[in-house]
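J.: After the structure tokens below, expect a handful of questions from me.
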Ligand SMILES: Cc1cc2nc3c(=O)[nH]c(=O)nc-3n(C[C@H](O)[C@H](O)[C@H](O)COP(=O)(O)O)c2cc1C
């Protein structure tokens, strides 16, 4: 896919068709994370891959979905759930605190784009029960769970919409997502502009 097309269509997906993510795609996802830029090149991120169905179900139980929607619309039901998670961990023995969050963002962007390039959709998850998952994963104190990224083959579409003053995304009659984005006119000012 052409790069700008890949960027425009790499949206958040929250319902999946249950097919497992093939190992070759997982390899791309992890390689994309590995080569991401990192503040001072410290590379404090570690990745925990969850791909067994029973383990994915445990992880799902500690995640929260689509805060703007009622759960029956936004939370994937049984049979629609992600088949793969990558947990992004920060090794605090190597991290510079502020840079680690930026590193994680860059790595997750790379991972989700590499996945989408192979037709695999994703949802970055920041709303999860950190203590419960830290315990479930058996993480030592120096490994802090930063984010999760959920993956699967999407069973819905997602469309960009013009900004109408609200960040709230919504579903249409086909349960496809519509996601408002601010315009460049709203977000960009050229420093050489005189008006
Ligand atoms: C840092 C971050 C945390 C997020 N956490 C969640 C989450 O916990 N649950 C969820 O359903 N979506 C989550 N999202 C997805 C956002 O809601 C989504 O990116 C936003 O609605 C815009 O949609 P888009 O990704 O298709 O542009 C998160 C996204 C980011 C970047």
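The values are calculated or read from the model by the stated rules, or taken from the named source; none is laboratory data. Remember, predicted model here, so these are calculated numbers, not experimental data. Cβ atoms come from the backbone with ideal geometry, glycine included; neighbour counts cover every protein chain shown.
J.: When the residues of the range 153-186 are filtered to those that are away from the ligand (no atom under 13 Å from the Cβ) and either in contact (Cβ under 8 Å) with a residue 40 or more places away in the chain or in a strand (DSSP E or B) (or both), which remaining residue is surrounded by the most Cβ atoms within 10 Å (Cβ to Cβ)?
T.: If we take residues in the range 153-186 being away from the ligand (no atom under 13 Å from the Cβ) and either in contact (Cβ under 8 Å) with a residue 40 or more places away in the chain or in a strand (DSSP E or B) (or both), then 153 is surrounded by the most Cβ atoms within 10 Å (Cβ to Cβ).
J.: Looking at 122, 109, can you tell me which residue is modelled with pLDDT of 95 or more, under 12 Å from the mean Cα position of the chain (by Cα) and surrounded by fewer than 18 Cβ atoms within 10 Å (Cβ to Cβ)?
T.: 109
J.: Considering only the range 66-99, how many residues are part of a helix (DSSP H, G or I), at pLDDT 95 or above and in contact with a strand residue (DSSP E or B) (Cβ under 9 Å, 6 or more places away or on another chain)?
T.: Going through the range 66-99 one residue at a time, the tally reaches 2.
J.: Continuing with the same structure: Step by step: first the residues of the range 1-23, then only those that are in a helix (DSSP H, G or I) and in contact (Cβ under 8 Å) with a residue 60 or more places away in the chain, then the one that is farthest from the ligand (Cβ to nearest atom). Which residue is that?
T.: 6
Matching residues to (1) within 13 Å of the ligand (Cβ to nearest atom); (2) touching a helix residue (DSSP H, G or I) at 6+ places or on another chain (Cβ under 8 Å); (3) within 25 Å of residue 167 (Cβ to Cβ):
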residue: 44; (1), (2), (3): no, yes, no
residue: 65; (1), (2), (3): yes, yes, yes
residue: 68; (1), (2), (3): yes, yes, yes
residue: 93; (1), (2), (3): no, no, no
residue: 101; (1), (2), (3): yes, no, yes
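J.: From (1) within 15 Å of the ligand (Cβ to nearest atom); (2) crowded, with 19+ Cβ neighbours inside 10 Å, pick out the condition that doesn't hold for residue 114.
T.: It is condition (1) that residue 114 fails.
J.: Conditions first: (1) more than 28 Å from residue 60 (Cα to Cα); (2) loosely packed, with under 13 Cβ neighbours inside 10 Å. Residue 24 passes all but one, so which condition is the exception?
T.: Just one mismatch for residue 24, condition (1).
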